Amino acid sequence: MTIHASKDKEADYVVLIGLLSDELPAEKPVDDILELLLPLKESYPDAEERRLFYVALTRAKNRVYLVYSPLDPSNFMKELESEEYNTCQHEIINGDFSQNPYFPACPECGRGVLSIKNGSHGPFVGCSKFPVCKHTENICSFCRSGILEKKGENLACTNCQVAIPVCPKCGGDLLIREGKYGQFLGCSNYRSDDVISCNYTRKI
């Protein structure tokens, strides 16, 4: 049933689903004329939907289970995980996300999270809000299973923790390459057959 329909009801156990970033709280535009007829917004963010969420959480006599995707969680779930609430995160362990992997926020849209996806040219890092947000980044070239995050002047992998220097010209990662004079650092965005590729190099 809907959360509204669950008011004044109880159950031994409650399973709450639909905890996605654009579902709860809902991010739907309000018509300008309708906005004038509505009561003034409360200072606390998403106050009305917080009360609704509280209704859902308090319907259970014994336990409430919150089902969500770590790739696109509701802001309410982020708050529950970040604060000192009495939550159990490993009572049920199933699927690919049982180890609580770290998914950085998308730097472009701020609503989605970055995760590893498979494309026609191999794995890459993309936003969970695709196709609305088309932001992409390079995957870690060492372990091929980590996301690179900016840490000072380097990129740090979320999986293998390797530190990769950042290209000062385009922001790509500098990789060890072999040349006729030995090894050097070259930009990952270099393409020999592309005029817009980055040709930055640095001595080791």
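FYI, it's all coordinate maths here, none of it is from the lab. These numbers come from a predicted model, not from an experiment. Please note: Cβ atoms are built from the backbone with ideal geometry, for glycine as well, and neighbour counts cover all protein chains shown.
Among I196, I164, I116, I17, what is the fewest-to-most ranking by other Cβ atoms within 10 Å? Kindly include the intermediate steps, with their values, before the conclusion.
Numbers: I196 7, I164 22, I116 18, I17 11.
Final ranking by Cβ density, sparse to dense: I196, I17, I116, I164.
Compute the longest continuous run of the chain that contains no exposed trypsin sites (Lys or Arg not before Pro); treat a site as exposed when its DSSP state is not H, G, I, E or B and it has at most 13 other Cβ atoms within 10 Å.
42-133
Can you pull out the cysteines in the chain that have no other Cys Cβ under 4.7 Å?
So, C88.
What nm distance separates the two modelled labels at E48 and E81, each placed 7 Å from Cα along Cα→Cβ?
2.8
Run through segment 111-204 and list the GluC sites (Glu not before Pro) located in a DSSP loop whose Cβ has at most 12 other Cβ atoms within 10 Å. Mind dumping the intermediate values first?
Details: sites: E137, E149, E153, E178; in loops: E153.
Listed in order of number, the matching sites are E153.
What list do you get for M1, M77 if you sort them by fewest beta carbons within 10 Å? If you can, show how the numbers build up before the last one.
Numbers: M1 7, M77 21.
With the sparsest Cβ surroundings first, the list reads M1, M77.
How would L155, L37, L175, L148 line up from fewest to most surrounding beta-carbon atoms within 10 angstrom? Present the calculation step by step, with values, prior to reporting the outcome.
On the way: L155 24, L37 7, L175 17, L148 27.
Ascending Cβ contact count within 10 Å gives the list L37, L175, L155, L148.
Under a point spin-label approximation (7 Å from Cα along Cα-to-Cβ), what is the E153-C133 distance to one decimal in nm?
3.0
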